[in-house]
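The numbers here are math on the coordinates, done by the rules we state, and not lab data. Given the structure is predicted, the values throughout are model-derived calculations rather than measurements. No Cβ is skipped: glycine too gets one built from the backbone with ideal geometry, and neighbour counts run over all protein chains shown.
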Amino acid sequence: MNITRPFGDTLALIGNTPIVRLAGPSAAAGCDIYGKCEFANPGSSVKDRAALWIIRDAEARGELLPGGTVVEGTAGNTGIGVALVANAKGYKTIIVMPDNQSKEKMDTLRALGAELVLVPPTKFADAGHFVHTSRRLAEETPGAVWANQFDNIANRRAHIEGTAPEIWEQLGGRVDGFTCAAGTGGTIAGVGLGLKAFDENIRIALTDPHGAALYNYYAHGELRAEGSSVAEGIGQGRITANLEGAPIDTQYRISDEEGLVWVERLLKEEGLCLGLSSGINVAGAVALGRELVAEGRPNPQVATILCDTGFRYLSTLYNAEWLAAKGLPVFDWLARNSASAE
Ligand code: PMP
């Protein structure tokens, strides 16, 4: 897309995000690591793409009619994307969210005009889980469709048709590796499938947080979770429809502490304020870059996703008391500021 010309409508602002070389991660890996700036979408996260594709798909299938309602269960970012796209198209939005997600996401959803339904965080097997609650609400609401981001593969099509060709073109048709974490799995599966269509030698790596079951699934064929993570929006315990057939070549398990190192360094050294899933992705990209360098690939180019803005986590990741309460290291400057405030 040519960004020197005006866009015809606001929905055209979704996608076509910039990609940036990350100096610190590139130095650490010994090759070029690139971050796809998904925080630059109108809703400040990668999930605007899935929201747009899912809503267009529901319209194309004749299920979403003028004045209708879109219902979704979400950790927050998909809800924000759905609310913005629905507003732009004249639909109403109902969002079901676990009540342990960041306050900023809840306030944002209310500010955008979504009807917000908070439920206690539970296991997927429980009937009250946010995903099942959102499906029931969609069934009970006249004129409503359920976005169903986990098992609706319009989600991953956004990345097959959008994110992957953008990365391929932006890196000059030479990509050696791609990695990111999975929430729905739409990004890793869609970008993986899309990039492999250009070059099947591109190594696709899953970067899994602690507390998710996918690392063990791809490494040992067994869905088993170990540990836990405070990262929002990632960490999956099952093979969603979006993950089915995902071309995962290798996998890494990254701790919150390892992810936070990159959140801190990218902010202090490169001026990017990001969420924890981005830090975890960058840690995975450094591991993938090192692996490709060690194998002797010449000047490998590795891409990952900078999923959302850190401004969404001012009360958590960027709050000294919250970090300390979670037993996580507190960034120096936060510790200083909170000490001087006392
Ligand atoms: N990071 C954040 C902050 C997210 O909200 C999400 C979406 N749940 C992801 C990463 C993962 O994206 P996907 O659902 O495509 O796997």
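Things to note:
- For the chain, share of DSSP beta bridges that run antiparallel, in % to the nearest 5: 15
- Theoretical FRET efficiency, 1/(1+(r/R0)^6), r = Cβ-Cβ of ARG224 and THR4, R0 51 Å, to 0.05: 0.50
- Assigned charges on the beta-carbon of Lys, Arg, Asp, Glu; the chain dipole about Cα centre (debye): 360
- This ranking places LYS47, LYS326 by how few other beta-carbon atoms lie within 10 Å of each, fewest first, which gives LYS326, LYS47.
- Subset of LYS47/LYS92; LYS47/LYS105; LYS105/LYS268; LYS36/LYS196; LYS47/LYS123; LYS47/LYS103 violating a 20 Å alpha-carbon distance limit: LYS105/LYS268; LYS47/LYS123
- Dipole magnitude for the range 232-280: about 100 debye, using +1 per Lys or Arg Cβ and -1 per Asp or Glu Cβ, origin at the Cα centre.
- Three-way shape label, the range 151-249, alpha-carbon gyration tensor, a/c 1.5: prolate
- Counting neighbouring Cβ atoms within 10 Å and putting the fewest first, the residues LYS36, LYS89, LYS268 line up as LYS268, LYS89, LYS36.
- Counted over the range 46-150, the DSSP beta bridges are approximately 0% antiparallel.
- Top positive-direction residue, dipole computed over the range 1-117 with Cβ charges, set VAL117, THR17, ASN41: THR17
- Backbone N under 12 Å from the ALA27 label point (7 Å along Cα→Cβ), restricted to the range 268-304: 269-270
- Backbone phi angles across the range 52-58, fed through the Karplus curve with coefficients 6.51, -1.76 and 1.60 (θ = phi - 60°), yield HN-Hα couplings of 5, 5, 5, 5, 5, 5, 5 Hz in residue order; Gly and Pro are listed as x.
- Relative contact order of the range 252-342, pairs being alpha-carbon contacts under 8 Å that are 6 or more residues apart, as %: 25
- Taking the range 46-150 and dividing mean pair separation by its residue count, relative contact order in percent (alpha carbons under 8 Å, at least six apart): 32
- Rounded to the nearest 20 debye, the dipole magnitude of the range 1-134 is 220 debye, with +1 charges on Lys and Arg beta carbons, -1 on Asp and Glu beta carbons, and the Cα centre as origin.
- Look at the Cα gyration tensor of the chain: its axes a ≥ b ≥ c give a/c under 1.5, and that counts as rounded.
- Three principal axis extents of the range 46-150 based on alpha-carbon atoms, in descending order, are 33, 26, 22 Å.
- Whole-number percent relative contact order across the chain, with pairs defined as alpha carbons under 8 Å at least 6 apart: 19
- Only helical runs count toward this figure. For the chain, summing -39,500 (n - 2.57) over DSSP H runs of n ≥ 4 and dividing by all residues gives -12000 deg cm²/dmol at 222 nm.
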